[in-house]
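Novice: Have a look at this one before I ask anything.
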């Protein structure tokens, strides 16, 4: 009983110290990544961009992201999370603000590509960092709690982006979408500086923990490490499970960026043309998903079951995309459908990280997590480009939403494949 009380009190202390701050950092990161979806409502007409140009530029971010993801996470493991995460945040904040200077297709593509390079390693770095503090049996709820930042970026980002574009449009001769990039990029720079002084690289470096608390946490981490597979770094790139994890994440994230980049357009197509009202309505799916993903993660930790939780919520996400496509012209049902899709996608993505982090350790974990995230986020290039192309060809988002439904449904098939694999000998 005393051990249980010590565990709960110690992990509560760690969670209150780390998660709110990491949550705010990821909120800023994700907002800077997808605010182009809101800028699009004004930027396309100002710069005479087609939907295909927008989709390609939105997606080209992930090419730079893909190239530098694995090297970035290996460097984080070598130089320490505090310094490397701070570096990432400052550089992406600067580049995100520089998006206000886009004047042509070329400058749009270049800045989105550089933004991808700058942000590479942030999310997998945080996932790796959490393994330095929490054992496997606590990780699903913690990752879900951290990843509610995606949901809250929608809750806050939609109304905020709509308000900025409407309120600041034309001030000092600067367009609303330019103000959006400038004002939403600045917080990341400030947070990057704070990160360097606030985070601790490991449990043993944490001055805010007592010696007893440090020893307790480290003993749990050491015991957890003994259950993992110690793969040589080179074998990460040929390991079947790592490739399956990558495929699962790829098709899940296809749905995530379908929501992030196209939600404002889905709402606009259903008849809501005012940017502020669009932003307010776009907050609803994310708010519901924020609550759902924490409850799902907590239940998964309580039961110790991962695969069926992920399969069920992946299929729920697919059903939501289908519903929003069939009733694309009815704002009530379309919004209900995209809310269901957002709940399914975000809940399954948060749980997906419980599989590779239970399997890998050490430098192999740094490289493996980065590889899974980088391959998965290539769908951030594929998803907006294909959906934009389908919309240009058909004049409707419906075909693109069917494509997203099929993608998230296929992730459920791959999850079942990992369940069917024989256990690894440790």
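Novice: Anything in region 13-53 that is without any contact (Cβ under 8 Å) to a residue 60 or more places away in the chain and closer than 23 Å to residue 191 by Cα? List them, or say none.
Specialist: 16, 20, listed by residue number.
Novice: Assess whether residue 288 counts as being over 30 Å from residue 44 (Cβ atoms), modelled with pLDDT of 80 or more, within 19 Å of the chain's Cα centre (by Cα) and part of a helix (DSSP H, G or I). First the steps, then the outcome.
Specialist: Values: over 30 Å from residue 44 (Cβ atoms): no; modelled with pLDDT of 80 or more: yes; within 19 Å of the chain's Cα centre (by Cα): yes; part of a helix (DSSP H, G or I): yes.
Answer is no for this residue.
Novice: Answer yes or no: is there a residue in region 60-82 that is surrounded by fewer than 17 Cβ atoms within 10 Å (Cβ to Cβ), under 30 Å from residue 395 (Cβ atoms) and over 21 Å from the mean Cα position of the chain (by Cα).
Specialist: No: region 60-82 contains no residue that is surrounded by fewer than 17 Cβ atoms within 10 Å (Cβ to Cβ), under 30 Å from residue 395 (Cβ atoms) and over 21 Å from the mean Cα position of the chain (by Cα).
Novice: Look at residue 52 and say whether it is closer than 21 Å to residue 203 by Cβ and out of contact with any strand residue (DSSP E or B) (no Cβ under 6 Å at 6 or more places or on another chain). Step through it out loud before you land on a result.
Specialist: Values: closer than 21 Å to residue 203 by Cβ: no; out of contact with any strand residue (DSSP E or B) (no Cβ under 6 Å at 6 or more places or on another chain): yes.
Judged against the criteria, residue 52 is not a match.
Novice: Which ones in region 94-109 are surrounded by fewer than 16 Cβ atoms within 10 Å (Cβ to Cβ) and in a helix (DSSP H, G or I)?
Specialist: Residues of region 94-109 surrounded by fewer than 16 Cβ atoms within 10 Å (Cβ to Cβ): 101, 103-104, 106-107.
Across region 94-109, the qualifying residues are 101, 106, 107.
Novice: Could you please let me know if residue 38 is assigned to a helix (DSSP H, G or I) and crowded, with 22+ Cβ neighbours inside 10 Å?
Specialist: Working: assigned to a helix (DSSP H, G or I): yes; crowded, with 22+ Cβ neighbours inside 10 Å: yes.
So residue 38 passes the test.
Novice: Within region 220-246, which residues are surrounded by fewer than 12 Cβ atoms within 10 Å (Cβ to Cβ) and at pLDDT 80 or above?
Specialist: Answer for region 220-246, where residues must be surrounded by fewer than 12 Cβ atoms within 10 Å (Cβ to Cβ) and at pLDDT 80 or above: 222, 223, 240.
Novice: So, one more: Just checking, how many residues over region 389-405 are over 21 Å from the mean Cα position of the chain (by Cα) and assigned to a helix (DSSP H, G or I)?
Specialist: Step one: of region 389-405, the residues over 21 Å from the mean Cα position of the chain (by Cα) are 389-399, 402.
Keeping just the survivors that are assigned to a helix (DSSP H, G or I) gives 389-394, 398-399, 402.
Residues meeting the conditions: 9.
Novice: Please enumerate the residues belonging to region 110-125 that are under 17 Å from residue 71 (Cβ atoms) and surrounded by fewer than 23 Cβ atoms within 10 Å (Cβ to Cβ).
Specialist: 113, 114, 117 - these are the residues of region 110-125 that are under 17 Å from residue 71 (Cβ atoms) and surrounded by fewer than 23 Cβ atoms within 10 Å (Cβ to Cβ).
Novice: With assigned to a helix (DSSP H, G or I), surrounded by fewer than 24 Cβ atoms within 10 Å (Cβ to Cβ), under 20 Å from the mean Cα position of the chain (by Cα) and at pLDDT 90 or above as the only criterion, which of 340, 408 stands out?
Specialist: Numbers: 408 fails: surrounded by fewer than 24 Cβ atoms within 10 Å (Cβ to Cβ).
Just one listed residue meets the conditions, 340.
Novice: Any residue at all in region 22-45 that's under 25 Å from residue 372 (Cβ atoms) and over 16 Å from the mean Cα position of the chain (by Cα)?
Specialist: Looking for residues that are under 25 Å from residue 372 (Cβ atoms) and over 16 Å from the mean Cα position of the chain (by Cα), one finds none in region 22-45, hence no.
Novice: Let me ask something else. Just one of (1) out of contact with any helix residue (DSSP H, G or I) (no Cβ under 8 Å at 6 or more places or on another chain); (2) under 17 Å from residue 371 (Cβ atoms); (3) modelled with pLDDT of 90 or more trips up residue 197, so point out which.
Specialist: Evaluating residue 197 over (1) out of contact with any helix residue (DSSP H, G or I) (no Cβ under 8 Å at 6 or more places or on another chain); (2) under 17 Å from residue 371 (Cβ atoms); (3) modelled with pLDDT of 90 or more leaves (2) as the failure.
Novice: Scan 319, 328 and give me the residue that is at pLDDT 85 or above, out of contact with any strand residue (DSSP E or B) (no Cβ under 8 Å at 6 or more places or on another chain) and either in a helix (DSSP H, G or I) or farther than 30 Å from residue 365 by Cβ (or both). Show your work before the answer.
Specialist: Values: 328 fails: at pLDDT 85 or above.
That would be 319, the only listed residue that is at pLDDT 85 or above, out of contact with any strand residue (DSSP E or B) (no Cβ under 8 Å at 6 or more places or on another chain) and either in a helix (DSSP H, G or I) or farther than 30 Å from residue 365 by Cβ (or both).
The values are calculated or read from the model by the stated rules, or taken from the named source; none is laboratory data. From a predicted model like this one, the values you see are computed outputs, not experimental measurements. For neighbour counting, all protein chains shown are included, and Cβ atoms are generated from backbone atoms with ideal geometry for every residue, glycine included.
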